[in-house]
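Notes to accompany the following structure.
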Amino acid sequence: MRCTDRRKRFFFGSFLLIGMFLIAGCAKKESIIATYEKSEYNRDLYRADLYAENLCVAVENIELPGYTTDQQLHAAGLFGVNQEQVLYAQNLHNKLYPASTTKVLTAYVALKYGNLSDIVTVSRRAVTFDVDASVCGLQENDQITMEALLYGLLLHSGNDNAIAIAEHISGSVEAFVELMNEEARKLGATNTHFTNPHGLHEADHYTTAYDLYLIFNECMKNETFLTMISQSSYAATVQNPTSGTRQLTWTPSHFYAQGLAIPPQNAVIVGGKTGTEDLAGSCLILLEKDLSGNPYISIVMGAPDKTVLYNDMTSLISAIPAS
């Protein structure tokens, strides 16, 4: 009798699972299928409450009229925030190396637990990077506000800023990373595991395009975050007991802000986060608004170079349906 019950549960579960793969879009409340998946299968994708309000959900790849899938990319996605709809999906749930798009979660945790007016003292560890690493130019014993550190983190992608933020908020990088992973899980980003706050390559440091969407979407609810990513530059005042006071000016790292990539004509780029690393490739997550002011989140991960990255991002955004 027990074996018969198991067979029934197996066939019933299989039937529900097949039905789930036919669904792509946004659900207003948790469905019976999602509840069954979480209790019976305990799969990462459904273990989090992905069917909460205001979240886009896609299980399979979704084509978008006007955009041709680029097989060179590791993953890509386009999300209509107001529509709560996935407009395009390519490998959204594949685990990938994120490079500096990691810093979106770093910023989220810092904004949640930190104080923008705090004065942070920069440690030796925070300024110890290879010469070719992306840094904001901090020096050991610099004193700088948390607000300025976040501007440098999001605009200029400073690895030094990431370490300074982590140490100040949690006392150590390791403790901060634990907090990052805990917060990611709370947001439903259950296919994410980070080992540092900056995104430099480590084998066990990964996420998915969909998890990045979840994290970025939550960040967008914070007006300070939106203000920071939208700036064309930021001037930070830094004090050092040895060298005195100096100013550091940071500009966005994405090519649209630098004038090195032609933006799409049907949307305005608000801002976002770049990521570049040998194994991760070239990555970019953006917030843009169509000409009616509707917000969208676009993600491209694993492009082989910057040319492919921005050509594909522009093509993806250009395919946003007219509202």
Legend entry - Cross-link pairs beyond the 22 Å C-alpha cut-off, checked among Lys95/Lys221; Lys103/Lys306; Lys103/Lys186; Lys95/Lys289: Lys95/Lys221; Lys95/Lys289
Legend entry - Val120 long-range amide H proximity, modeled H, under 5 Å: Ile144, Thr145, Met146
Legend entry - Alpha-carbon radius of gyration plus Dmax, which is the widest Cα pair, for region 271-323 in Å: 11.8, 38
Legend entry - Convex hull volume of region 47-152 per residue (C-alpha atoms, cubic angstrom): 180
Inset, instruction - Would you pull out the residues with amide H under 5 Å of Val270's amide H, same chain only if 5 or more places away, H placed 1.01 Å from N? - result: Leu287, Glu288, Lys289
Legend entry - Table column - 3J(HN,Hα) (Hz), region 247-260, Karplus curve with 6.51, -1.76, 1.60, x for Gly and Pro: 10, 10, 10, 10, 10, x, 8, 7, 5, 4, 5, 7, x, 9
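Every read-out reported here was derived from the displayed coordinates using simple, explicitly stated rules and does not represent laboratory data. Note that this is a predicted model, so its numbers are computed, not measured.
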